[in-house]
Amino acid sequence: MKILVIKRDKLGDLLLTTPMLAHLRASLPDARIDLLANDYNAWVVADEPTIDRRWIYRRVRNGRSVSLAAAWDVLVQNRALRRERHDRVIVANGSWSPRAVERGLAVGGQRVVAYVPPASLARPPRGLTDPLPEPVVQHEVDRLIGLLAPLGIAPPPEPIAPRYRLPETETAGALEWLRERGLVADRYVVLGLGARRAKKQPSTTQILAWTERIHNDFGLDTVFMWTPGASDNPLYPGDDETAAPVLAAGCPWIHPFRGPLLPALGLIGQARTSIFPDSGLMHFAAASPGGVLGLFADSTVSPSPLQWGPRGPRASFLDAPTSVAELSTETVLGALQARLVHSPRDEVPAR
């Protein structure tokens, strides 16, 4: 059987697809499993052993710009994919996505699986052979695994955590960055920004209070990281303005990191644990040895941790009623305490 999984979303979304890929491979060990991803997110699964081939397409739209050359490349690639004659095409979105379904239908699989809204179940898009009803309350990881039902694959008996294999060069780079600042692995916490919604970001007062207590109570420094750039960046909003007052405080236990994503993942991988608002980095931190405390707020109208919370053996979250600013220092330190006292490297074999 030849199976094509399509994932056209952001980095964290593709990371959350790895449990589905692992379960698919374990259930159908002799199948050929291909993945179609874009030139922004495909590196997340560069070393994913469950995939036989990665198909990477160029994004036609990037911010406000449109590339006609990329559009032509997509048409050429779609023809090549149709020649592959995949038995199953799985549109790997946990909810209805018209654009993703459109791409799934364009590659010409014999059967195409995707979630559709209730109103479309009786009359799904033409060519969508296996429409499934959108789950109501379920984590994104479990929703994606649910897309395997038309292949006769039941959910796994135990949860499967997302996984990411960090290149050794990034681990070495992180260790060198730490040495230059007198830090060592496992003796610091990563605290990051990165939520697109301000209500999910910790305030300057909170960051200073949390990091001071982490330093005084547990003897751990903090690597403070944020998304570079201005908040009005059309491609990806940055957090420079939010980070500025934290840096101005000049706390010696706070070590700023404003750098590229892969080196950031290297530092997350060496940390005792991490704190991140709902973001892609939160999901990567959940897949690291130290795990993560995710920060959510106002989940009645914003993405809920019931669907988007961090998944992993050392992952947890706090969900504030309306804003992360409502969370007290005692609440946050209480949620972190076990991970600050005990090193994850006492529990997880070195990679």
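Please treat every number below as a calculation from the coordinates, not as lab data. Since this is a predicted model, take the numbers as computed values, not measurements. Cβ: placed from backbone, ideal geometry, glycine included. Neighbour counts: every protein chain shown.
For Val5, the residues whose modelled amide H falls within less than 5 Å of its own, excluding neighbours fewer than 5 places apart on the same chain, are Asp34, Leu35, Leu36, Ile90.
Grab the DSSP H runs of the chain that are 4 residues or longer, score each as -39,500 (n - 2.57), total them, divide by all residues and round the 222 nm result to the nearest 500 deg cm²/dmol. After summing the helix terms and dividing by residue count, I get -10000 deg cm²/dmol.
Distance between the 7 Å Cα→Cβ label points at Glu180 and His342: 3.5 nm. Can you bin the range 2-151 into rounded, prolate or oblate? Criterion: square roots of the alpha carbon gyration tensor eigenvalues sorted a ≥ b ≥ c, rounded for a/c under 1.5, prolate for a/b above b/c, oblate for the rest. Judged from the Cα gyration tensor, the range 2-151 comes out rounded (a/c under 1.5).
Which values, in whole Å and largest first, are the semi-axes of the equivalent ellipsoid of the range 193-351 obtained as the square root of 5 times each eigenvalue of the Cα gyration tensor?
The answer is 21, 19, 17 Å, longest axis first.
Just to check, using Stokes-Einstein with a Kirkwood Rh over alpha carbon pairs, what's the diffusion coefficient of the range 195-250 at 10 °C and 1.306 mPa s in µm²/s? Rounded to a whole number, D works out at 129 µm²/s.
Over the chain, what is the relative contact order in whole percent, taking alpha-carbon pairs under 8 Å and six or more residues apart?
Computed value for the chain: 15 percent relative contact order.
Selection among Pro277, Thr222, Ala174 by position relative to the dipole of the range 169-346 gives Ala174 as farthest towards the positive end (Cβ unit charges, Cα centre).
Could you size up the charge dipole of the chain around its Cα centre, putting +1 on the beta carbon of Lys and Arg and -1 on that of Asp and Glu, and report it in debye to the nearest 20?
Working: 40 positive and 36 negative charges, 288 e Å.
Dipole about the Cα centre, nearest 20: 1380 debye.
Note on Arg258 and Asn216: the extension gain reaches 12.7 nm, defined as 0.36 nm multiplied by sequence separation minus the Cα-Cα distance. Taking the number of Cβ atoms within 10 Å of each Cβ as an exposure proxy, the fewest-first ranking of Arg79, Arg272 is Arg79, Arg272. Of Pro277, Pro155, Pro305, which is the most mobile in a GNM of the chain whose springs link Cα atoms less than 10 angstrom apart? Taking springs between Cα atoms under 10 Å, the residue moving most is Pro155. For the range 122-135, the Karplus equation 6.51 cos²θ - 1.76 cosθ + 1.60, evaluated at θ = phi - 60°, returns couplings of 6, 9, x, x, 4, x, 7, 7, 10, x, 10, x, 4, x Hz by residue, with Gly and Pro reported as x.
Karplus-based coupling profile of the range 243-258, in residue order and whole Hz: 6, 3, x, 5, 5, 5, 5, x, 5, x, 8, 9, 10, x, 10, 10, with θ = phi - 60° in 6.51 cos²θ - 1.76 cosθ + 1.60 and x standing for Gly or Pro. Phi angles across the range 326-333 convert, under the Karplus curve 6.51 cos²θ - 1.76 cosθ + 1.60 with θ = phi - 60°, into 3J(HN,Hα) values of 7, 6, 7, 4, 5, 5, 5, 5 Hz, Gly and Pro given as x.
For His255, the residues whose modelled amide H falls within less than 5 Å of its own, excluding neighbours fewer than 5 places apart on the same chain, are Thr222, Val223, Phe224. Each peptide in 206-218, 64-76 receives the mean, over its residues, of other Cβ atoms within 10 Å, and ordering these scores from highest gives 206-218, 64-76. Within the listed set Pro228, Pro310, Pro162, the Gaussian network model of the chain (springs between alpha-carbon atoms below 10 Å) gives the highest mean-square fluctuation for Pro228. Database remark: amide H of Gly238 closer than 5 angstrom to the amide H of Ala230, Ser231, Asp232, Asn233 (H placed geometrically; neighbours at sequence offset of 5 or more, or on other chains; Pro and chain starts carry no H).
Of all DSSP bridge pairs formed entirely within the range 2-151, close to 10 percent run antiparallel.
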